[in-house]
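Structure first, commentary second.
The values are calculated or read from the model by the stated rules, or taken from the named source; none is laboratory data. Values in this document were obtained by computation on a predicted structure and should not be read as measured data. When we count neighbours, we look across all protein chains shown, and the Cβ atoms used for this are built from the backbone with ideal geometry, even at glycine. Side chains included, ligands, DNA and RNA excluded: accessible areas come from the protein's heavy atoms. Shrake-Rupley method; radii C 1.70, N 1.55, O 1.52, S 1.80 Å.
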Amino acid sequence: MNFEYLFDILLIPVCIQVGALIIGFLLNRLINRYLHSNINQGSWQYIFVNALRGLPISWCSGVGLYWTINSLDIPPTVNKLLSYLLFAVIVFTLTRVVSRTLSGVIDFYTMRSDQNMPKTTLLNNVINFVIYAMGVLIVLQYYGISVAPILTALGVGGMAVALALQDTLANVFSGMHLILSKQIRLDDYVRLSTGEEGKVTDITWRFTMLQSVSNNVVVVPNQNISKAIITNYSMPRQDITVSIAIGVSYDSDLEKVEAVCIKVGKEILAKIDPSVTVEPVVRYNLFADSSINFNVIMHVSEFTNQYIVKHEFIKSITKEFRKENIEIPFPVRTIINSNK
């Protein structure tokens, strides 16, 4: 008898919750299908729809819970408990929507221009922490728990934690300063005065990740970067100049030498770095002991391309000089022996 009574009481709530979950799964599938369609991932429409992904299940469950509360004659204590649970679900789902939307807006903002703030895990983590903390405070306030003493205790405790975690907090604020000041951005190639160098792959809450030319990852504390002298090879422009020093004999036709170098430089850039539109130039600079020295100056689209460009240019220019009978002289020294 008790079992039948329990079954009759639970039948309606279970049916409501199962129906709500089915509707939630269907709505979530529609959202996922829409996101995998031809919608532009950088559009505002994609940002807001993506923020709703996975949430229809929670919302439908909340609606089912609301119907359960109003359709059953349950004790006031249980009714109040379910009401608290429903409010918490609503607040945290809305908090998740706001968090995802702001993260998407930041991503959209950083994709529009290279001059904007870089997208990093630190920035997203800070935003998510602040939003979810506000959600927790709203829920506690609804439950009748006074928030003021909690904030006071957190303030006093925060001072003690700040003293114990000085280095960690220094790294966090240093990372925020690097992001907001735009001293370095993702994919920038930087070199520090302490010797570390590489492409910036991420700025976390404690470290900045640099990927070196040898594909090793260099992990540098944010505090060290904020104190170091930074050479950013990607600012103010991404492309850089590459200068290759060469010397030819005094008998060489300098006009011909210049034409051959420019021709070879164009061929190398067209093969390795076709996005470069600036033509190579030749600048003579020195009457040396055995040669007339000059520099071949070329542009490359990013810092790491200079190594392969130099490698290929030296091979090609040596072959072309031999073909055109242009001599790259060996150093010549005349030694006078005073004993003879």
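Restricting attention to the range 291-309, and to residues there that are assigned to a strand (DSSP E or B) and not aliphatic (A, V, I, L, M), which single residue is farthest from V264 (Cα to Cα)? I'd like the intermediate steps shown before the answer.
Step one: of the range 291-309, the residues assigned to a strand (DSSP E or B) are 292-300.
Narrowing the set further to residues that are not aliphatic (A, V, I, L, M) leaves 293-295, 299.
Values: N293: 18, F294: 15, N295: 14, H299: 14 Å.
Among those residues, the one meeting the criterion is N293.
Please find, among A245, A259, the residue that is farther than 27 Å from N124 by Cβ, part of a strand (DSSP E or B) and either modelled with pLDDT of 85 or more or among the charged types (D, E, K, R) (or both).
Just a single option satisfies the conditions, and that option is A245.
Could you count how many residues in the range 198-222 are among the polar types (S, T, N, Q), more than 17 Å from G175 (Cα to Cα) and in a strand (DSSP E or B)? Give the derivation first.
Start the filter on the range 198-222 by keeping residues that are among the polar types (S, T, N, Q), which leaves 201, 204, 208, 211-212, 214-216, 222.
Among the residues that remain, those that are also more than 17 Å from G175 (Cα to Cα) are: 211-212, 214-216.
So of that shortlist, the ones also in a strand (DSSP E or B) come out as 211.
Here the count works out to 1.
Pull out all pairs, ordered by first then second residue, where Cβ-Cβ is under 8 Å, the residues are six or more apart or on different chains, the first lies in the range 261-287 and is within 21 Å of E327 (Cα to Cα), and the second is open to solvent by 50 Å² or more (accessible area, probe 1.4 Å) and assigned to a loop (DSSP other than H, G, I, E, B).
From the range 261-287, the pairs are I262/E279; G265/E279.
Per-residue answers, yes or no, for (1) open to solvent by less than 40 Å² (accessible area, probe 1.4 Å); (2) touching an Asp or Glu at 6+ places or on another chain (Cβ under 7 Å):
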{"position": "S249", "(1), (2)": "yes, yes"}
{"position": "K271", "(1), (2)": "no, no"}
{"position": "I292", "(1), (2)": "yes, no"}
{"position": "K315", "(1), (2)": "no, no"}
{"position": "E324", "(1), (2)": "no, no"}
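Against the definition (out of contact with any helix residue (DSSP H, G or I) (no Cβ under 7 Å at 6 or more places or on another chain), part of a helix (DSSP H, G or I) and of a type in the set (V, I, T)), how does I314 come out, yes or no? Explain how you work it out, then say what you get.
Numbers: out of contact with any helix residue (DSSP H, G or I) (no Cβ under 7 Å at 6 or more places or on another chain): yes; part of a helix (DSSP H, G or I): yes; of a type in the set (V, I, T): yes.
In short, yes.
Working only within the range 177-217, note down all residues that are farther than 23 Å from F303 by Cβ and in contact with a Leu (Cβ under 7 Å, 6 or more places away or on another chain).
W205
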